[in-house]
Each structure stands twice: as structure tokens, then as C-alpha cells.
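A short worksheet on the structure shown next.
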Amino acid sequence: MKVELPFLAEGIEGGDVVQLLVHEGDQVREGQSLIELETEKATVPVPAPVEGTVVRLLIQQGDHVKVGQAIIELQESEDKAGKAQTSAPEKSATGGPNAEAQRDHPQARPTRPIPTPESPVVDQKPAVVSRPPAGPAIPAPPSVRRLARELGVDLSQIKGSEAGGRITAEDVKTFVRERTTRGTKLGVGGNIVSTPYGSERREPLSSTRRKIAANMIQAWTTIPHVHQFQDADITDLMALHKRYAPEFKKKGATLTLSSLFLKAVVHALKLYPQLNATLDLTNGEVIYKDYYNIGVAVDTPAGLIVPVVQQVDQKDLLQISLELADLAERTRKREVKLEELRGATFTVSNMGGISAGPFLPIINPPQVGILGVGKAKMTPVYRDGQFVPRRVLQLCVAYDHRLIDGAIGARFTNEIVKVLEDFQGMFLGL
Amino acid sequence: MAESRYDVAVIGAGPGGYAAAFQAADLGLRTALIDEDSQLGGTCLLRGCIPSKALLHATRLLTDADEAAVWGIHFGKPRVDLEAFRDRVSAIIGKLTKGVRTLAGSRKVEVIRARARFKDATTLQLSGANTPSELSFGYAIIATGSTPVIPDWLRLSDPRMMDSTSALRLPDIPPRLLVIGGGYIGLELGTVYQALGSEVTMVEALPRLLNNVDADLVRPLHQRLLRQFTAIKLNTTVEKLDVREEGLAATFTDSQKASTETFDRVLVAVGRRPSTSQLGLEHTKITLTSKGFIQVDRQMRTTEPNIFAIGDVAGEPMLAHKATHEGFVAARVIAGKQSVFDARAIPAVVFTNPEIAWCGLTEQAAKASGQAVKVARFPWAASGRATTLGRNEGLTKLVLDAESGRILGMGLCGVGAGELIAEGVLAVEMGAVAEDLATSIHPHPTLSETIMEAAESFYGSPTHLFIPKRS
């Protein structure tokens, strides 16, 4: 019979084999520990379900084993007698003290003058541990050689990572991990894993995704965010947009709301330079920036990428619109250059295009603020004694509360709203 | 003693046997340590390493006092009280052997004084001090060591004939001593007797002293010995020994002629053989190699799967520290642990003056196997410390992988070489490269700097030695 890894405890789906407690040919009692398994919760012994002889070990030390996976082939005791007569090789118990049970039943051997008791053979194959092979020794310290032995790793298969090809403990562990992974992939169904709850598919993380994950963790765990919501009535802005969009079109550009947001943001940043800054805690300084480079979040098949429109304050709307369209296009095609992704002082993330929002944006350090824009909705607004239909945009500014106080953040947000609601006012210097 | 049963029976209480027994006991196995000697410690402690090092230390005092004249320090002629000398050596042995017994007791290792002989693969017959009895075991470890070899034609029943064991007892200071065998035992004991005042003649059948040792390392020792020994006869054999009233007459033969000289004592130090007889191995499946060692695998397991063999009886090199580590391996394997003897560097030390020590790959072995190596040498003539000691004859040598600079072996000749070689063992075992040794700061002024500077020369010129670049 094949002994499968039994259900061990709620929530334990498998573990790493720390130690094999039996060898091929060993006799085991019911309940005797076969392997020691290291699970997320604890190291647990796995017992033999029945009495019998170990025919074959299906796993090695260091393997990852899942519940239900076969670990050992066991010949049950009933037919053991019959087998013992047909198969000659003397293999019996190991583990020293355990071996004595057999010696109580001496068995005469005709070829020997003295009746010799069955010897407690551990392993009859003399070739297994022969003298070390000739040739250059593999550079690995004794502690690493022991680790390799315990994990069943052939050091000659590992390329050492240190000077002179020296193999480290980490190299051995990496090798074992990769071996385990390879094993999984070669297994039934590739990297599809079945669990008690259904099947799952495992895929490696792309490097972009790894980077995003690391950045997000850093941003979310180190920056105390304040999220400032505000509604902006963009009915007039949309009228302006409608009026001038064809003009832009003639010049080969698309006037988007995003370009208008960039202009509004830069206007507000100039009034509140704390938001166009970086916090330098190491030196106990604030770095105020006299340039206004705005990152624009772009949704790409590979994940979120934020190219940067440089010097927004020195460009007119036409220029910004042209640049933004070009940048977004090249970003989606992954043709954007590395330097075009760097140097932003503030970020704008617009989800209006996918009819979403409002939402809480996360600051992209070392910046200290970000504008998140949702979808504009037609809303009844009470104005001059009556409700009128207005196009209202819900936006949210996130700012780093270490540097920016609530009042500043709120005023900054209000300034953006003010510009969006009265774009001409900005040009008039109001 | 009634029949008793042990998980592990260790036969022989030398540095291999007692280490194995202690390890087995520490791993929870019921262990017996059997030796026919009343004192524990085996050859190493009782008639080998320890007494010889005590003698060498004491006689070094004589040599140093003699050489103090170059500093303007003059001692009178020393007087040696041989009895006190012997007592002191016995006291050292006594202290150490008692220590081993105490350790055995605190680990609950049963020490049995008896001669053991296999009745079968799970039973030992014990004879000797106690009434004959039997002992049954799950596993046995044979650690019976080795004994000095005396060729048949040199086997005379004359009290003036000595092997290493009797020479260590220091029966007297013979005016004229013949040492047969230019290996490490002959050299060490020859050094002792020479310092005590004997005129020492050394005979070696092979073309040089310490024939298997790197010639570069032997050279400084050889030159010093030429001044100290009366004669060093290489390529020479002792044809026969005649017992005469006035001494033992040795007839030497070299390629040209035969000659005869008379000596007051003769020390035969031509080698050691594994002690496998009288063990009852024929009652087991144990087999021997062509050289008479017990055949073992890397786990120290013999061809009888529950019996292990370690130390001198299991193969060369016959060194105590090798035996100890093999003992650990055997005990761990028996306890079900993953263990093999896979040492990359077994250090060897010849405790002469100067000492010679080496470990790992030698230049000759590398050449023989065709392995691409670089050899880095640092002569002690360039060592400040060696100069203060007045011992510039030494040499430090590294054998490195030609490409990576990995340290594959180290060799030293010079005072304190036996202590210095430990760094080489660590370097080889850890897979260190030349840069590792060269950039590890070594204390100044010490002889250990010669290792650092030899490593530096793998790249270019070490600080204290200028090596012109080869074009």
C-alpha cells in the first residue's frame, strides 16, 4: 500500500520533510513515526497506518509534501511472510536498539560454521558510501556539506555563489527550493494545485509586480496618509472643454480632462509648496522643489506605470495634451524610457476614464501628495433657490501628514476645486 | 560479570575509541569501552603522541640553552636526572589518562578492562583481568590501533634493541644510537636522544628523509639535522645486526659498499601495522584491504554492516586526530544520523626542530593528478618574527587552484609549524581563496604572517618580498 500524508490538523495542508525516520527495508509497527514534517504550525511526526515493511521511500528529506500525497510504500504484515521467503536480500531494521527484536530469532546459515543471528543490517549496498571520488574537492565548508547530506543534495550539482565557487548554506537551500518547485511543475497538472476548497493556479510574480508590491508596502506602512475628499462642479469646465476641443483637434491634439487636472494641480502646488516637496528625515530637512513634474498613472497590461510630464508649469495646455497622449501611448506599449518615469514631484491618478471613483489614492514616495480623480456625475445642485443639474466630480487628495497639516491639505484641495470650477479665474489671477 | 548487552561496544580506548564511545553515549546509546590496558588513552596517550611531545619539549630546552650562546647567554653543561625526567613524563600521562577515565564515568560509559574477541557479529568474548565473559552488542566499533613493525631480520632478543614504545621509556642515554628509519617517529626520537647527548646515526633505505613529504619542506630540517646527527645515511639498508659484547654491530649496504659500525642501542622505527589479529574477525564478514587494514566505507562501516572500524586499524594516515573524527562519524551513523568522513584536509605534523606540518593537497599530488595549481611560497628569511627567533630557515607554502585561487593545501617547515597549520586546515575546509587569507589581518610580528604573505604572492608581490613579474 502507498501511505499518503494524512490530514494532520485543521489548516495544515502540507509541510517540509525534516527527517526520514525509517529506511527502505525497515519493519514498522502501527503508529510508529515514519517521517518528521515541518508545517507552518509545528513539527509533527507522521505515523504508520498499519504494521509492515517499508518497500520504498517516495520522498526525500527537504521535499515539500501535501496532504494526500504518497510518501512511503508499505508492504503490510500479512503478506510479509510470503515475501520474505522469495526475496533473499537481508535487509532489516536500523536504529540500533530497535534491531534487537530480530536477533531473538536466530536463523542458521548453512554456509557458516557458527549459527549467526540475523544481523541488524542498516544498508547492504556498499556502493552507497564509497571512498570519496578522486578529483578536485567541491569547495563547501563542513557545515554546508553536512546540510547537503541531510537534505540529500549532491553538492557537485550546485554552482557556488562565493569566491572560488564556494557553496554556501543559502546556495544549498536555494537548490532544494528550486528542486522542490521543479518537482511540483513536473507533477500532475503543472502548477495547478488542488486544495480541499477547489483548485488553484500558481504563477510567478513579474518583476514589475514585485516592484509595485514593495513600493506599496513602503508607502502604505511608512506614510501617515490623510485623505481629503472634495466635490468639484465641472459643468463650466466641460463647456470650456467642448468649446475648445475641436481647436485642439485641428492641431493634432486631444484636450483631455487629465491635462486640465495637471494645470490645476500645478497652480495649487505653487500656492502650497509643501505639497511639491520631499521629507528628508535623515537630515531633518524639507526639500522644496522649484520644478513641477507631474506623474500620471497609466493602466497597462503589465500593471500600473507612472510616466512623468516634465516642467508642467512652463507648458501650455496644447503642449501638455500632446505630451500626455504620447507618453501614455508609449507607456502602454512599454516603450517609455526609464528617465521618463523619474523625477515626479506630485502624481495625478484619474479613474474617470473607467467610470470609477471616488477612491483613496496612495502616495508614491518620495512625493508627499497625490490627486485621485473619479468619474463626474450629473448631480442635482441647490443653487439660487432651485435644484439644477450640474456635472460634479468627486476627487480625493492624499497628503503626507508628517509634513502637511490638515488645514494646508484642505486649502490645497479647495484650490484645485476652485480652479476646476472657474478655470478662467486662474488666468485672471483670481 | 554476567552476560550484558550494549547498544555500542567500542574496542580500544585510544583517541579514536574513547571519542567514539563518548559521542555514542552523548547520543543516548548504552556504550561499553573495552581495553586491555589498565590506563585509557591508547598508543597516543600512553606510548605515542603525548610522551614523545613531553620528551621533545624537555629536550628542546637543552637545545635552546645551547643555542643561547649566539645571544651572549652562556649556561653551564646541563645535568639530566633521567629518573626525574621519566617521572615527569609518567605524571603527564597519568594526569591525562585519569582525565579520560573521569570523562567516561561522567558520561556513563562502561569501561571494561579486557581483551575482546568476536564470537560472532553480535557477541564479544572478553578475557583478561576479569573472569571470562560475553558481551552482546547492537553495534561494535573496532578501534584497536596499530603496533610498531620490526622486520624479521632485525628481530633480536637483545635488551639494547628498541622500538618506539621502549625508546619512549628512556632506559638510558646510549653514547651511540642507531635509528633505523627516517620517518617521523625515527626523526622525533632521534632528536630527543641527540639532545640528551647521544651520537645519533640515522639510516633510511629511501633516497630522502620523510620520503612522502614535500621535499621543499624537508630540506630545512635535513640541513639542520646534518649538523646535529653524527650521520644520515640515505639509500642505505641495514643488512644485519650482530649482537656483540661491546654493542650491536650493524652492517650497512648502500649502492657502493658495505660497512659495519657498532652502536650501544638500536631503535627500529620503520613503520606501524594495523592491529587486527586476535580479534576473531574470521567470525564476522569483515574483510581486510591488501595492506591489512579493515575495509570500511565513508561511514566507517566494515563489510559486516553493524560493525564499524576507525583510526589506524581502518587505514592511513595513522594519526590520532583522524581517528577521533572517524570515531565521531561511526557513533553518529550508529545513532541514525547522516554522517560521513569527508575531511578535505587532515593535518600532519612532524614535531622535529624545526617542525614540519602540512594539510590538504600537496604540490606533488597536484602534479601527479595533473590538476592545475599555483604554488605560493614565502621563505621565512623575509619574516621579521623568524629573524628575532634566529630561525630564518623556515618556509611557508600554499597550493592554490590556478584559476580561482582557492586554497587546496598548505605546507610549513619552521618552529611552531604544528600550531600554524591549523589555519591552513580551516582555509581548505572553508573553501577560502587566497584573497581571504591575504586580507585577513594577521598579528605582527608573528610567524602566522608568512601565511598571509604567501597568499598575497598569489596576486603579486607580498609586502616583504619582491617577486619580479615574469614576462
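When the convex hull of its Cα atoms is viewed from all sides, the protein assembly as shown shows a mean projected area of 59.0 nm². Distant-in-sequence amide contacts of residue B:416, defined by a placed amide H-H separation under 5 Å and a gap of 5 or more residues or a different chain, comprise B:355.
Shape analysis of region A:209-427 yields a ratio of the Cα radius of gyration to the Kirkwood radius, Rg/Rh, of 0.96.
Placing unit charges on the Cβ atoms of the charged side chains and taking the dipole of the protein assembly as shown about its Cα centre, the candidate lying farthest along the positive direction among A:77, B:468, B:448 is B:468. Report summary: the helix-based calculation at 222 nm, which adds -39500 (n - 2.57) for every DSSP H run with n ≥ 4 and divides by the residues of chain B, gives -10000 deg cm²/dmol.
If both residues of a DSSP beta bridge must be in the protein assembly as shown, then about 75% of such bridges are antiparallel. Taking the square roots of 5 times each eigenvalue of the Cα gyration tensor of region A:214-320, largest first, gives ellipsoid semi-axes of 30, 17, 15 Å. Of all lysines in the structure, those lying under 18 Å Cα to Cα from residue A:251, and not within fewer than 8 positions of it along the same chain, are A:242, A:315.
Listed cross-link partners A:173/B:374; B:257/B:291; A:249/A:377 are compared with a 28 Å cut-off, the Cα-Cα value being larger for A:173/B:374; B:257/B:291. Remark on region B:269-388: hydrodynamic radius 17.2 angstrom, per the Kirkwood mean of 1/r across alpha carbon pairs. For residue B:95, the lysines whose Cα falls under 16 Å of its own Cα, not counting residues fewer than eight places away in the same chain, are B:53. With 26 Å as the limit on Cα-Cα distance, the pairs of A:263/A:289; A:211/A:263; B:367/B:397 that go past it are A:211/A:263.
May I ask you to derive the FRET efficiency for residue B:257 and residue B:441 from their Cβ-Cβ distance with R0 = 56 Å, giving the value to the nearest 0.05? It comes to 0.50. Ordering B:320, B:57, B:9 by the projection of their Cα atoms onto the charge dipole of chain B, which places +1 on the Cβ of Lys and Arg and -1 on the Cβ of Asp and Glu, puts B:9 at the extreme positive end. Report the Cα centroid-to-centroid distance between region B:29-92 and region B:275-295 in angstrom, as an integer. After rounding, the separation between the Cα centres reads 34 Å.
DSSP finds beta bridges in region B:152-270, and of those with both partners inside it, around 50 percent are antiparallel. For region B:152-270, the direction-averaged projected area of the alpha-carbon convex hull comes to 7.1 nm².
In region B:68-144 the Cα-Cα distances spread across 5 Å bins starting at 0 as 3, 11, 12, 12, 13, 10, 9, 6, 5, 5, 5, 4, 4, 0 percent of all pairs. Dividing the alpha-carbon radius of gyration of region A:350-430 by the rule-of-thumb value 2.2 N^0.38 Å gives 1.26. Taking a straight Cα-Cα cut-off under 16 Å and skipping sequence neighbours fewer than 8 places away in the same chain, the aspartates and glutamates within cross-link reach of residue B:322 are B:297, B:312, B:342, B:429.
Calculated translational diffusion coefficient of chain B (37 °C, 0.692 mPa s; Stokes-Einstein with Kirkwood radius over alpha-carbon pairs) equals 136 µm²/s. Treating each Cα of region B:348-456 as an identical point scatterer and summing with the Debye formula, the log10 of I(q)/I(0) at q = 0.19 Å⁻¹ comes to -0.89. Within region A:289-358, DSSP assigns beta bridges of which about 60% are antiparallel (rounded to the nearest 5).
At what distance in angstrom do the alpha carbon centres of region B:418-446 and region A:276-341 lie from each other? Measuring centre to centre over Cα atoms gives 54 Å.
Laboratory data are not the source of any read-out in this text; all were calculated from the coordinates shown. Keep in mind it's a predicted model, so treat the numbers as computed, not measured. Cβ sites come from the backbone with ideal geometry, for glycine too, and all protein chains shown count toward neighbours.
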